[in-house]
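Report on one structure; see the data block that follows.
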Amino acid sequence: MSDLRELYQEMILEHNKQPRNFREIQDATARTEGFNPLCGDRLTVYLKIAGGRVKDVSFKGSGCAISKSSASMMTAAVMGRTVKEAEHLFQAFRDMLSSKKGAPFDAERLGKLAVFSGVNEYPARIKCATLAWHTLRAALDGGTDGSVSTE
Ligand code: ZN
């Protein structure tokens with residue numbers, strides 16, 4: 001587990017410094033704002049769906065390193081996937097973070113996202129890590145100019 005923890009630190013730092021897909025999508029089919037009042041994380045997820053597939057996904061906003069790196073990794077993870085696959089990823093990610101410490105999770109499905117498994121040792125940070133995913137979920141539901149809050 002300590003390897004995963006080291007990898008977690010590395011990924012957070014790296015994605016916080018150089019977030020992937022940190023931009024707007026002009027012709028987005030959905031755009032949803034997410035807010036985590038506990039930490040002050042605020043981000044907007046842009047989504048372009050065509051033919052039941054995520055053609056493009058991006059985010060903008062500001063927040064702590066965990067929320068930003070999680071959003072960055074979320075966009076990389078769902079890019080090019082079908083809407084159904086993206087929803088399954090959301091569920092697997094949420095389940096991983098709501099499970100008890102040391103409980104098994106779907107590491108195969110989650111891939112690199114498994115580095116966030118250690119976050120459930122820090123309950124206050126779980127909302128930081130899941131904010132982008134809840135926002136994505138709302139955007140997948142077809143929310144144009146919608147918004148979600150973790151509270
Ligand atoms: Zn945060």
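The values are calculated or read from the model by the stated rules, or taken from the named source; none is laboratory data. Everything numeric in this text was worked out from a predicted model, so none of it was measured. As a convention, Cβ positions derive from the backbone with ideal geometry for all residues, glycine included, and neighbour counts pool all protein chains shown. Heavy atoms of the whole protein, side chains included, go into the accessibility calculation; ligands, DNA and RNA do not. Shrake-Rupley method; radii C 1.70, N 1.55, O 1.52, S 1.80 Å.
Brief remarks follow.
- Of L140, A86, P123, farthest towards positive along the dipole that unit charges on Lys, Arg, Asp, Glu beta carbons give region 85-151: P123
- Partner aspartates and glutamates for K100 [C-alpha distance under 13 Å; skip if fewer than 8 residues away on the same chain]: E121
- Accessible surface calculations at 1.4 Å, restricted to protein heavy atoms, place region 3-144 at 50 Å² per residue.
- Formal net charge of residues neighbouring K60 (Cβ-Cβ distance under 14 Å; K, R +1; D, E -1): +1
- 13 Å beta-carbon shell around G51, net charge (K/R +1, D/E -1): +4
- Fully extended contour minus Cα-Cα distance, from A50 to Q9, at 0.36 nm per residue: 11.3 nm
- In the chain, the portion of solvent-accessible area held by carbon and sulfur atoms comes to 49 percent [1.4 Å probe, whole percent, DNA, RNA and ligands not counted].
- The local environment of F35, defined by Cβ-Cβ distances under 12 Å, has a net charge of -1 under the rule Lys, Arg +1 and Asp, Glu -1.
- 222 nm mean residue ellipticity, helices alone, for the chain (DSSP H n ≥ 4; -39,500 (n - 2.57); rounded to 500): -14500 deg cm²/dmol
- Given charges at beta-carbon only (K, R positive; D, E negative), |dipole| of region 76-151 in Debye: 220 debye
- P(r) weight above 23 Å for the chain, C-alpha pairs, percent: 28 percent
- Assigned charges on the beta-carbon of Lys, Arg, Asp, Glu; region 3-144 dipole about Cα centre (debye): 180 debye
- Taken as Cα centroids, region 33-94 and region 125-140 sit 7 Å apart, rounded to the nearest whole angstrom.
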